[in-house]
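A short worksheet on the structure shown next.
Where a number appears in this text, it was derived from the coordinates with a stated rule and is not lab data. Every value quoted in this text rests on a predicted model; they were computed, and no experiment measured them. Ideal geometry is used to build each Cβ from the backbone, glycine not excepted, and the neighbour counts take in all protein chains shown.
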Amino acid sequence: MAERPTNCDTLAPVRCCLLLVGLAACGFSVSDSPGSGPVDATGTRDAAESGPRDTPPPPDVPVAPIDAPPDAAPVWTTIETVMVPCRGQVQTTATALMAGETYRLRASGTCIANTASNSAADAEYLGWNVNPGGFAEDASDGDDVGIAVNKIGNGSAKLPRWGAFTLTHIYEAMFVGLGATVTVAFQGGDLSNNSGMLSVAIQRLQ
């Protein structure tokens, strides 16, 4: 059987138009333009033929973590401060100093070592304010003036030795803990006419 011609040139004009309308109604393209792509029933061109798709965003680039700052070096930190009356009353720390651990004792302040002459004293020296020659380390009776650690009462010598005289009247000495509390007291000469207080700060590295 001979094939029927489908070219509109060989069909009656009315039948050709009906054929084209029917094809369009079934979802086929009736355009002869190359590369135009099929149009769906809603009239929207197939996405595959509508041009390049949007490029997906690149994956997140991992960020290297910021290194944590190094631990700060330990510093001398005050863990207790003891007030030391210059009339000789013995004071005991509330803190027991760990055996074998090194602490720093920081003494400061001035007081009156003789209310009659107004002679001043600090953790190691006395009389600099009234003595034209400077200062003295010992009282007139030979007692070593100043703050004694772990020693009760006056005596010819004391520990620690707080170092050279300074106008700031701040002195430091190292002390190794004994696993117990510490006593501190001011000593030197007749303490009955003294007045005022000094202080001792107990410091440890932390």
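With a 10 Å Cβ neighbour count serving as the proxy for reagent exposure, in which order, fewest first, do ASP190, ASP71, ASP143 appear?
Fewest-to-most ranking of ASP190, ASP71, ASP143: ASP71, ASP190, ASP143.
Give me the percent relative contact order of the stretch 76-205, please, defined on Cα pairs under 8 angstrom at least 6 residues apart.
46 percent
Any number yet on Rg/Rh for the stretch 127-206, C-alpha, Kirkwood?
Radius of gyration over Kirkwood radius for the stretch 127-206 works out to 0.97.
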